[in-house]
Amino acid sequence: MKRTLLAAATALAVGAAFGASAEAKTLVYCSEGSPEGFNPQLYTAGTTFDASSRQVYNRLVQFERGTTNIVPGLAESWDISEDGTVYTFHLREGVAWHTTDNFTPSREFNADDVLFSFRRQLDPEHPYHDVSGGGYEYFNAMSMGGLIDRIEKVDDYTVRFHLNKPEAPFIANMAMDFASIMSKEYADKMMEAGTPEKVDLEPVGTGPFQLVQYRKDAVIRYKAHPDYWEGKAAIDTLVFAITPDNSVRWQKLKAGECHVMPYPNPADLDAMRADDNIDLKSQEGLNVGYLAFNTEKDPFKNVKVRQALNYAVNKQAIIDAVFQGAGRIAKNPIPPTIWSYNEEIEDYPYDPEKAKQLLEEAGYGDGFETDVWAMPVQRPYNPNARRMAELIQSDWQKVGVDAEIVSYEWGEYLARSKRGEHETVLLGWTGDNGDPDNFLYVLLGCDAASGANRARWCYEPFNDLLLKAKRTADKQKRAELYQEAQVIFKEQAPWITIAHSIVFEPVRKVVKNYKIDPFGGHIFYGVDIEQ
Amino acid sequence: MFRFAITRIAVLLPTFIGVTVIAFSLIRLIPGDPVELLAGERGISAERHAKLMQEMGLDRPLHEQYLTFILDVFQGDLGKSIRTKTPVSEEFFALFPATVELSLCALLFAVAIGLPAGVLAGVRRGKVFDHSVMTVSLAGYSMPIFWWGLLLIILFSGTLGWTPVSGRISVMHFIEPITGFMLIDTLLQGNYAAFNSAVRHLILPAVVLGTIPLAVIARQTRSAMIEVLGEDYVRTARAKGLPPWRIVGLHALRNALIPVVTVIGLQVGLLFSGAILTETIFAWPGIGKWLVDSIHRRDYPSVQGGLLLVASTVMIVNLIVDLLYGLINPRIRHAR
């Protein structure tokens, strides 16, 4: 009797489980690695943001999915003061926090949560500042600490940020992952319980998905937030199956063990195109790979030499050999997905004769000796720097310039090139916030001339335009300034702009409405599965 | 026997100290510091760099850092990961059962196939079977794990669809760890579908990881067998007219096993190093992949702590094998 009952109960349970799974939609994403944690303020890796900010949290303003446009998030609207130093955010009402095993919210999202989220990063005296090691590298890298003077709560649904100087890109920074809004009530409760670090490991957010389970290097499981303010997600369960090897990810996708995978192996692309069940999506990456001339050193002080070496490089050959189709020639220092990209610019064509002539005019008719630094690692904007350096070396040789290829361990490479030990260096950049300032000023501004500006190029007419754009709130006017700046850049040629990569993402055809995120993130709100 | 055990254990202490030195210094010999790598192209100001180095204690002289490390080790504290800020030992022991489970299954596979194959090859020395075993095991021994793993995935998971591609269990199963061993946990929770899924996930990685040990064991067994079969007492047994299966199965095999047991013990170290690659291919959440990631990130505490724990495990296993060996074969005990 007992056995029959048990069998009946098991059958029921199994039936219930199947019944539930037939209706519930589960999307499996074969992610590339484990997140460092679940608080996007503390880390800088995209893998971490995919697992935290992009599913679990919201920001005051957000990027419209699939674009770099800023749209309202937890703030319904915002005003900027005349002088550009005061930003007033009007917060959305009726936004519910996740209810989890160790937290049941007693109130909805309000201004206190905004203050908590930013003060934790800003104020070294804040009780949460040192929790979980307390490094806020992205917040610091975007100079938010120096920019924000104070944050003021006007009322429960109005917050005001006072800046030290006008800075138009500030609004784009507010859409970045580190600006995610966390629950103050949850933080207070965890502090009282003596476990403040739980805030960073067991997140409570307002986002479309809430974390259910995490097993390091194995799986992350989320369920749809039932009371999400934009409406409940179309998929009920979101699973990240952590799969580090890209060929294995492809096998899993093919076998139907997952629906979406990032970073395919270029060698598998043809098979993906040929597969009837797979939709291979592609988009230009938000990045640029370049070669920077050290403009503080001879002969690169001379603009004609820089132009000559631009003419001397056969970029198409580089795209073919190094990117194997997963890249396109860059003519501007910003990628085409960023607003203010200047279509009118004409790139230096491959013209060794012209190069020789310019070198002659510059007084280097007999050529010279120099170096090309090649990164030791694969980056999104440069899959094989060594190969690229070899191609450049041979191109330059044809116009009489002898370049020696130099490389160091990655950390060392970054540090030495920052100190300006190179003559020419290969590097690149992946955008943070989709603002042109994030490429142009960060990489070519005078302030960065002894840091991220590897060309160590400080050119007043160019820099003035960028500074003016920083003080201008109107996007149209800013765009004009940046377009003008791109003209000067091309003329002065502190870099050889080489390539923007093309990002590929194979998706199973049952997945509907998946969009590649220009920031390289993976976002599953708004995605559906056909069953 | 007691004295033998004491000397074996006493030898371990200097070995352990040596391991701490190696674990500590190896990762520091690789150029590049964790802070610079963390910042990447974005860069970091000199002040912030100095502050972070100081917070991690990496600005102090090396001998001071080592002293702190070893004092903490003897208090059972391996420090916190630079990246995740969680204690190293916590991360290690959460992932370790997965590696042990995989290694044990791989070893089981290696012994189950390698031992009989070696015995048969030894008995049929010079025959076709012997040559086939030797050729296949040589191939197995020189097989690059990465390539072999991918090949099996493409064949069995991709083309034939018999086994899952990677992972430890289907993502549809929701297993809370009790022991950390998936096979045991699924059974404890009475979830047979999950157990079935876990077994199916184990097959390919265990075969891949077990291939090299299998080859070693087969070759070792064969040569031990050949040696023993040439001994006088075997000839005596034959002369007595014992049936061949008794000669091989009872008299010869028992003695041939002694060197084989040692070799099996030594495979443990090999299994851990092979696990690093196998885990990466099969997305197996064990310590191998974790260690590699930590090295890439110059996560000093994780690398030195992880290495120390892995080395300690290998030392303990070898100690146990040594002791067992002394127990089985008294000649060993008196030799020193």
Original post:
Is it fair to say B:A112 is surrounded by fewer than 14 Cβ atoms within 10 Å (Cβ to Cβ) and under 18 Å from B:L257 (Cα atoms)?
Top reply: yes
Original post:
Which members of the range A:48-68 meet the condition of being within 18 Å of A:A233 (Cα to Cα) and without any contact (Cβ under 8 Å) to a residue 40 or more places away in the chain?
Top reply: A:E64
**OP:** Give the residues of the range B:61-91 that are within 14 Å of another protein chain (Cβ to nearest Cβ), free of Cβ contacts under 8 Å to residues at least 60 places away in the same chain and either within 17 Å of B:I22 (Cα to Cα) or in a strand (DSSP E or B) (or both), sorted by residue number.
**Re:** B:P87
Original post:
Inside the range A:246-317, counting only helices (runs of 4 or more DSSP H) that do not spill past its ends, which hold 3 or more residues that are at negative phi and not hydrophobic (A, V, I, L, M, F, W, C)?
Top reply: A:246-254, A:303-312
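To keep it simple, each residue is scored yes or no on (1) closer than 20 Å to A:V212 by Cα; (2) open to solvent by 50 Å² or more (accessible area, probe 1.4 Å); (3) of a type outside the set (D, E).
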{"residue": "A:C30", "(1), (2), (3)": "yes, no, yes"}
{"residue": "A:L42", "(1), (2), (3)": "no, no, yes"}
{"residue": "A:A51", "(1), (2), (3)": "yes, no, yes"}
{"residue": "A:R54", "(1), (2), (3)": "yes, no, yes"}
{"residue": "A:L60", "(1), (2), (3)": "no, no, yes"}
{"residue": "A:R65", "(1), (2), (3)": "no, yes, yes"}
{"residue": "A:D83", "(1), (2), (3)": "no, yes, no"}
{"residue": "A:F89", "(1), (2), (3)": "no, no, yes"}
{"residue": "A:R107", "(1), (2), (3)": "no, yes, yes"}
**OP:** Please name all residue pairs, on different chains or six or more residues apart, with Cβ atoms under 8 Å, provided the first residue is in the range B:159-177 and is at the interface with chain A (Cβ under 8 Å from one of its Cβ atoms) and in contact (Cβ under 8 Å) with a residue 12 or more places away in the chain and the second residue is assigned to a loop (DSSP other than H, G, I, E, B) and of a type in the set (G, A, S).
**Re:** B:P164/A:A255; B:P164/B:S170; B:V165/A:A255; B:S166/B:A283; B:G167/A:A218; B:G167/B:A283; B:R168/A:A218
**OP:** Search the range A:378-398 for residues being open to solvent by less than 10 Å² (accessible area, probe 1.4 Å) and in contact (Cβ under 8 Å) with a residue 40 or more places away in the chain, and hand back the single one that is nearest to the chain's Cα centre (by Cα).
**Re:** A:Y381
Original post:
Given the residues B:G241, B:G249, B:G288, which is the only one that is surrounded by 16 or more Cβ atoms within 10 Å (Cβ to Cβ) and of a type outside the set (V, I, T)?
Top reply: B:G288
**OP:** Could you check how many residues of the range A:333-355 are more than 21 Å from A:D395 (Cβ to Cβ), buried (at least 16 other Cβ atoms within 10 Å of the Cβ) and either touching a strand residue (DSSP E or B) at 6+ places or on another chain (Cβ under 8 Å) or not assigned by the TED database to the domain that holds A:D432 (or both)?
**Re:** 3
**OP:** Report those helices (runs of 4 or more DSSP H) wholly inside the range A:399-518 carrying at least 2 residues which are within 12 Å of chain B (Cβ to nearest Cβ).
**Re:** A:410-418, A:437-444
Original post:
Given (1) within 30 Å of B:G140 (Cα to Cα); (2) within 14 Å of chain A (Cβ to nearest Cβ), where does B:L107 come up short, assuming only one miss?
Top reply: (2)
Original post:
Only one of (1) open to solvent by less than 30 Å² (accessible area, probe 1.4 Å); (2) among the small types (G, A, S); (3) within 18 Å of A:G207 (Cβ to Cβ); (4) at pLDDT below 95 is not met by A:G73, so which one is it?
Top reply: (4)
Original post:
Out of (1) at pLDDT 95 or above; (2) touching an Asp or Glu at 6+ places or on another chain (Cβ under 7 Å); (3) open to solvent by less than 30 Å² (accessible area, probe 1.4 Å), the odd one out for A:K223 is which?
Top reply: (3)
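The values are calculated or read from the model by the stated rules, or taken from the named source; none is laboratory data. Keep in mind it's a predicted model, so treat the numbers as computed, not measured. Cβ: placed from backbone, ideal geometry, glycine included. Neighbour counts: every protein chain shown. Keep in mind that these areas ignore ligands, DNA and RNA; they rest on the heavy atoms of the full protein, side chains included. Shrake-Rupley method; radii C 1.70, N 1.55, O 1.52, S 1.80 Å.
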